[in-house]
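Before any comments, here is the structure.
The values are calculated or read from the model by the stated rules, or taken from the named source; none is laboratory data. Since the model is a prediction, treat every value here as computed from it, not as a measurement. Note that we place each Cβ from the backbone using ideal geometry, even for glycine, and neighbour counts take in every protein chain shown.
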Amino acid sequence: MRHRSRQTRGQVFVEFAIVLPVLVVLLLIMLELGSVFLQQQAISTVAREGANLISRQTTLADAELALSSMASGLPFGSDATVILSVVQLGAGGRNGGEPIIAHRRMFGAVPESSTFGNPPAGAYGGPPAYAARDAANDVSIRVTGNLRTSLTGDDVLFLTEVYVRHQPLTPLGGFGLPVPSTLSAVAYF
């Protein structure tokens with residue numbers, strides 16, 4: 001009987017040694033996914049709030065301050081970029097009838113490109129409105145990406161894009177499991 005008990009204990013130990021690495025990897029995956037989902041939810045909230053703010057005629061400078069203060073859990077200083085855009089049809093000149101980015105404010109340190117176009121920074125004036133300097137004729141401010149909607153007449157589309165560099169909590173990337181390096185969200189009003 002004694003001999004059999006030692007074999008059982010040894011068998012349990014071997015089974016535990018085989019199962020433990022799998023359990024640890026599953027735990028790491030759950031931690032990383034939880035972190036990604038939490039950060040993605042926060043990014044989506046910031047994007048929606050940014051689009052909502054600028055749709056209520058808040059200046060882009062004031063929207064920047066509000067978003068920076070509300071997103072205390074997001075690394076806006078060094079690991080995030082927010083792009084606030086107001087899109088409308090050009091009223092005349094070379095941009096007449098074309099969707100243009102009439103107002104644009106981009107802040108943050110992540111070098112991401114806008115989904116809707118990347119006009120040069122010099123195409124826009126300064127605070128508080130960050131309005132296009134030559135909305136009628138500067139073709140660099142035209143929307144180049146897919147708006148997923150069409151503008152007519154006096155329609156205005158308020159967009160916020162948020163890009164955040166994701167800092168992994170776990171070393172899953174070292175095991176060949178893909179972990180996103182940048183999370184993003186876009187909101188329209």
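All told, Ser181 meets the bar of being loosely packed, with under 13 Cβ neighbours inside 10 Å, within 20 Å of the chain's Cα centre (by Cα), within 29 Å of Ser69 (Cα to Cα) and not charged (D, E, K, R). The set of residues in region 126-164 that are small (Gly, Ala, Ser) and in contact (Cβ under 8 Å) with a residue 60 or more places away in the chain comprises Ala129, Gly153. Looking across region 93-117, just one residue is within 20 Å of Ala47 (Cα to Cα) and free of Cβ contacts under 8 Å to residues at least 24 places away in the same chain, and that is Ser113.
Here's the yes/no breakdown for (1) among the hydroxyl-bearing types (Ser, Thr, Tyr); (2) free of Cβ contacts under 8 Å to residues at least 60 places away in the same chain:
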site: Ser69; (1), (2): yes, yes
site: Val86; (1), (2): no, no
site: Ala91; (1), (2): no, yes
site: Tyr124; (1), (2): yes, yes
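The residues of region 26-82 that are hydroxyl-bearing (Ser, Thr, Tyr), under 18 Å from Ala187 (Cα atoms), more than 13 Å from the chain's Cα centre (by Cα) and assigned to a helix (DSSP H, G or I), listed by number, are Ser55, Ser68.
Checking the stated criteria, Asn137 turns out to be surrounded by fewer than 21 Cβ atoms within 10 Å (Cβ to Cβ), of a type in the set (S, T, N, Q) and farther than 21 Å from Ala187 by Cβ. Exactly one residue out of Thr59, Thr45 is within 17 Å of Ala131 (Cβ to Cβ), out of contact with any strand residue (DSSP E or B) (no Cβ under 7 Å at 6 or more places or on another chain), at pLDDT 90 or above and among the hydroxyl-bearing types (Ser, Thr, Tyr), and it is Thr59. Scanning region 41-54 for residues that are out of contact with any helix residue (DSSP H, G or I) (no Cβ under 8 Å at 6 or more places or on another chain), buried (at least 17 other Cβ atoms within 10 Å of the Cβ) and in contact (Cβ under 8 Å) with a residue 40 or more places away in the chain yields a total of 4.
Could you tell me how many of the residues in region 20-65 are under 16 Å from Phe158 (Cα atoms) and of a type outside the set (S, T, N, Q)? Break it down into steps so the answer makes sense when it comes.
Narrowing region 20-65 to residues under 16 Å from Phe158 (Cα atoms): 44-64.
Filter again for of a type outside the set (S, T, N, Q), leaving 46-51, 53-54, 56, 60-64.
Number satisfying all stated conditions: 14.
State the number of residues belonging to region 140-178 that are surrounded by 17 or more Cβ atoms within 10 Å (Cβ to Cβ), of a type in the set (A, V, I, L, M, F, W, C) and at pLDDT below 90. Here the count works out to 1.
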